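The values are calculated or read from the model by the stated rules, or taken from the named source; none is laboratory data. It should be emphasised that the depicted structure is a prediction, and the values quoted were computed from it without experimental measurement. Here Cβ is always computed from backbone atoms with ideal geometry, including for glycine, and neighbour counts include all displayed protein chains.
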Amino acid sequence: MARVSIKDIARVASVSYSTVSRALNNSPLISQEVRTRIQTLAHSMGYSPNALAQGLLSRRTHSIGVIITTVSDRFFVDVLKGVEEVAKAADIGVFLAVSNNDPDQEIKIIENFNRRRVDGVIVAASRLDSDNANRLEQIQIPIVVVNNQAEGDYQNLNSICVDDYAGGRLAMRHLLELGHQRIGYLGMSNRPDSNHHRLKAYLDSLKEKNIIPQASWIYIDQTMTAGDLEGDIKAGQSLAPPLVKAGVTAIFCYCDTVAIGAIMACRRMGIDIPGEISVVGFDDNDLCEIVYPPLTTIRQPKYEMGQTAMHMLLECMTKEGVEDHIVQPTLVIRESTAGLRSDSQSLQSPV
């Protein structure tokens, strides 16, 4: 069925196009009686205003774009829920797009949203590289990034992120307090910014205890194919066995899905979790309580971050100089970590 237009209403009401337009916009230039009659007629005919046309007049379309890297990661689903709640309260529509961890696809989506005249864009989490800098500078609408992984410093990106370094410190303090010293780290090269801070927290924590990590304790996935549920789990499965062979008694993993892959690999090798090896993740997604044993992890307030990102975007629409936000993570202790077994003490002298 064709969309009912203002011209259709004018023809049925036997009035001019401009009269219908004024009536639908509650213009005082026509009587209340005529306004009511035309508005009632428009409703009965199923008329709905063209949001884009209204936006051209008001310079606002009351819509935003949201870009996520994958639909299989619960992190992005929870962030999106937070965004949508605040957007709904502000009577703003949300368009969703998926970049599949591709920076070229991400910038194309941003440009497309810009052409559609959305009022702003939220990206969780940006993968833009230096090749996209010039194209991004041409975008005039505000952009808020959740947990930014973009290469370089972009002046027109506003940011909300978790304190990755603080989260890494929480994970390492927990393992060290349990008596572990031979602690491994499994990281991801395709999330360079957050991986850098989490790895630094790992190294600094060991240094404070006068523990020199061996090269065989640290593995960073270099395939660049991970980034979704299946890819991250496979990365954990492939990287955990070398750590086991290196004699670690605990593993700090970049994220929960990598940790789940590591647990699966250990179980196939006959390694008891946490009896022989403790495992800590990062994110606190829904799988943490489903996997066996339930995963100790660092919780990101994902839903709240989505809410804050939307509030920031609304603020960016009305003023410049919006402050970036850094949120603090928390440690969630479950059953994948335990104190160092007494028969492992001989392995624990600092290297």
Note to self: Would you confirm, using the coordinates I've provided, whether residue 172 is under 20 Å from the mean Cα position of the chain (by Cα) and either within 30 Å of residue 120 (Cα to Cα) or not assigned by TED's automatic domain parsing to the domain that holds residue 112 (or both)?
What the structure shows: no
Note: among 93, 46, 65, 82, just one is at pLDDT 80 or above and at positive phi, namely 46
Quick check, is residue 263 aliphatic (A, V, I, L, M), at pLDDT 95 or above and in a loop (DSSP other than H, G, I, E, B)?
no
Next on the checklist: Tell me yes or no: at least one residue of region 148-162 is part of a helix (DSSP H, G or I) and of a type in the set (Gly, Ala, Ser).
Outcome noted: no
Residue 210: passes all of (1) on the phi < 0 side of the Ramachandran plot; (2) outside the structural domain of residue 78 (by TED's automatic domain parsing) but (1)
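Condition check ((1) assigned by TED's automatic domain parsing to the domain that holds residue 87; (2) at pLDDT below 95; (3) under 30 Å from residue 119 (Cβ atoms); (4) among the aliphatic types (A, V, I, L, M)) across all residues:
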position	(1), (2), (3), (4)
269	no, no, no, yes
278	no, no, no, no
314	yes, yes, yes, yes
319	yes, yes, yes, no
338	no, no, no, yes
342	no, yes, no, no
Here, strands (runs of 3 or more DSSP E) confined to region 163-260 with at least 1 residues that are touching a residue at least 40 places away in the same chain (Cβ under 8 Å) and crowded, with 22+ Cβ neighbours inside 10 Å are 183-188, 250-253
Being under 28 Å from residue 100 (Cα atoms) and in contact with a strand residue (DSSP E or B) (Cβ under 7 Å, 6 or more places away or on another chain) narrows 284, 193 down to just 284
Listed by first then second residue, the pairs whose first member lies in region 87-105 and is within 18 Å of residue 308 (Cα to Cα), whose partner is at pLDDT below 90 and surrounded by 14 or more Cβ atoms within 10 Å (Cβ to Cβ), with beta carbons under 6 Å and at least 6 positions apart or on separate chains, are 92/62
